[in-house]
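Structure record follows, encoded as structure tokens.
The values are calculated or read from the model by the stated rules, or taken from the named source; none is laboratory data. These figures come from a predicted structure and were not determined experimentally. Reconstructed Cβ throughout: ideal geometry from the backbone, glycine too, with neighbour counts over all protein chains shown. Protein only, heavy atoms only, side chains kept; ligands, DNA and RNA dropped before computing areas. Shrake-Rupley method; radii C 1.70, N 1.55, O 1.52, S 1.80 Å.
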Amino acid sequence: MEMVIPLSEVFLAAAIHASLQLQLGGLLLLYHASLGKHVRTKTKYLVDSYISGIGMLVFLSLAATCFILSCYFDGMLYTEEILIIAGLLIAMALIVWMFYYRRGRSTELWLPRTVAKYIDERAKNTNSNTEAFSLGVLTSLAEMPFTIVLYLVAANSIMALEPLAQLLAVAGYTLITILPPIILRLAVRRGQTIVEIQRWRVKHKNFFRILAGIGFLTLGLFILAFEVLA
């Protein structure tokens, strides 16, 4: 039972992270720009580099958060700090429900116009693996206002595990967060077009918004039940 609760919190945080849509949106922009300029082989390498950029930043961000906790918080957060994080998670649920998507029949996200335009331009001008990698890093950084609290939850839970389990948990969190881009890549490889995928995202955007909000709310209540009240 001692490992079940921390691992459950890590899994929930990773699943919520994976349900956010900016990384998928950036990948679709990259596909849309690349397929019109390059042969499919080069596009495949660009997409692989993009996903690698996401995975690298997620892995390093979570590892850095664990390091900060180990150095400055004695390896674990106190009950008062955990209570604040739980409150932030519940607040994030409301923010996701109300503000994550802009109004209208599109999947345009909460990003400021200048940031969204910059990501769009970077995707259009990506011609090398290095640029694709940096685009993946950029989209992950832009999602930080929603993911930083997830890193805190996951890192605090990971620090309760054994050293080997800690490394596996960080790797598992990273793998879960990059599953949606990997699935999208496989869908394109099997013949799905970018237009079809985007239409599907538009059709189900309310589902993803509600799902992400429920995820934040569930994780917040889970932490209250097992970390604070317990």
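By the scheme Lys and Arg +1, Asp and Glu -1, what is the net charge of all other residues having a beta-carbon under 12 Å from that of LEU150?
Details: positive: none; negative: GLU9, GLU143.
Its environment carries a net charge of -2.
The residues TRP200, TRP110, sorted by heavy-atom accessible surface at 1.4 Å with ligands and nucleic acids left out, run TRP200, TRP110 from largest to smallest.
Relative contact order for the chain: what percent, with Cα pairs under 8 Å and sequence separation of 6 or more? Provide the component values of the computation, followed by the final result.
Numbers: 255 pairs, mean separation 105.7, N = 230.
Rounded, it is 46 percent for the chain.
In this label model, GLN192 and LEU168 are separated by 3.1 nm, measuring between points 7 Å along each Cα→Cβ vector. For SER52 and ILE95, the difference between the fully extended length at 0.36 nm per residue and the C-alpha to C-alpha distance is 12.6 nm.
Here the chain is described by how far its Cα atoms reach on the three principal axes: 55, 37, 32 Å, from widest to narrowest. Across region 92-134, the residues whose backbone nitrogen lies under 19 Å from the label position 7 Å along the beta-carbon direction of THR41 are 127-130.
Simple spin-label estimate for TYR118 and PHE207 gives 3.4 nm between the two label positions (7 Å along the Cα-to-Cβ direction from each Cα). In the context of the full protein assembly, VAL202 retains an accessible surface of approximately 40 Å², using a probe radius of 1.4 Å and ignoring ligands and nucleic acids.
Summarise the accessible area of the chain (1.4 Å probe, protein heavy atoms) by the percent that is carbon and sulfur.
68 percent
Straight-line reach from LYS205: which aspartates and glutamates have Cα under 15 Å away, leaving out those fewer than 8 places along the same chain? Of all the aspartates and glutamates, those that pass the test against LYS205 - Cα under 15 Å, at least 8 places apart if same chain - are GLU108, GLU196.
When only alpha carbons are used to place a centre, region 73-130 and region 1-36 end up 12 Å from one another.
Would you please put 146-158, 87-99 in order of how densely packed they are, using the mean number of other Cβ atoms within 10 angstrom per residue and starting with the highest? Don't jump to the answer; show the numbers that get you there.
Numbers: 146-158: 23.8, 87-99: 17.2.
Per-residue mean Cβ counts within 10 Å order the peptides as 146-158, 87-99.
Give, in nm to one decimal, the length gained when the segment between SER128 and GLU80 is fully stretched (0.36 nm per residue of separation minus the Cα-Cα distance). Show your work: numbers first, answer last.
Details: separation 48, 0.36 × 48 = 17.28 nm, distance 4.69 nm.
Full-extension gain reported as 12.6 nm.
The residues LYS203, LYS117, sorted by heavy-atom accessible surface at 1.4 Å with ligands and nucleic acids left out, run LYS203, LYS117 from largest to smallest. Listed by chain and number, the lysines placed with their C-alpha closer than 22 angstrom to that of LYS44 are LYS124; residues fewer than eight positions away on the same chain are left out. A 1.4 Å probe run over the protein chains yields, for the chain, 52 Å² of accessible area per residue, whole-number rounding.
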